[in-house]
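Student: If you scroll down you'll find the structure; I have some questions about it.
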Amino acid sequence: MTVTVIQPLLARNQREQILAHLKTGRPLTPLEALRRYGCMRLAARVEELRDAGEPIITERVVDGVRSFASYRRVPNLPPPQRTRERLLRGGRR
């Protein structure tokens, strides 16, 4: 299996590389993020992107007995609503 590393010319950190990947319209899984970008906490990077207003959805992929998340950017999706209380307490969805 050949893995193509996508590294945009100006991408300086994992969050920017992940956003550039998602902007191509392709989904990204935690294993692929680890292999391509060295990102061990994809969910945390996605949460940061969502907090910045990026329209990213999570899809659950079931592969036999395993399941994992797959993230995809949907340009026409309204930005996520963040409540003041959630942001202040640092809570999750």
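The values are calculated or read from the model by the stated rules, or taken from the named source; none is laboratory data. Computed from a predicted structure; not experimentally measured. In this analysis, Cβ positions are derived from the backbone assuming ideal geometry, glycine residues included, and neighbour counts consider all displayed protein chains.
Student: So how many residues does the range 21-40 have that are farther than 13 Å from residue 70 by Cα and not in a helix (DSSP H, G or I)?
Tutor: Matching residues across the range 21-40 total 4.
Student: Out of 12, 50, I need the residue that is surrounded by 15 or more Cβ atoms within 10 Å (Cβ to Cβ), modelled with pLDDT under 95, on the phi < 0 side of the Ramachandran plot and basic (Lys, Arg). Which one?
Tutor: 50
Student: Considering only the range 41-58, state which residues are under 17 Å from residue 78 (Cα atoms) and not in a helix (DSSP H, G or I). Spell out how you get there, then give the answer.
Tutor: Filtering the range 41-58 down to residues under 17 Å from residue 78 (Cα atoms) leaves 46-58.
Result: 52, 53, 54, 55, 56, 57, 58.
Student: Let me ask you something else. Is it the case that the range 22-40 has a residue that's crowded, with 18+ Cβ neighbours inside 10 Å, modelled with pLDDT under 95 and touching a Cys at 6+ places or on another chain (Cβ under 7 Å)?
Tutor: For the range 22-40, residues crowded, with 18+ Cβ neighbours inside 10 Å, modelled with pLDDT under 95 and touching a Cys at 6+ places or on another chain (Cβ under 7 Å): absent.
Student: Let me ask something else about it. Could you grab the pairs with beta carbons closer than 6 Å, sequence gap of 6+ or different chains, first residue in the range 42-70 and of a type in the set (Asp, Glu), second one surrounded by 14 or more Cβ atoms within 10 Å (Cβ to Cβ) and not in a helix (DSSP H, G or I)?
Tutor: Short answer, once both residue conditions are applied: 59/70.
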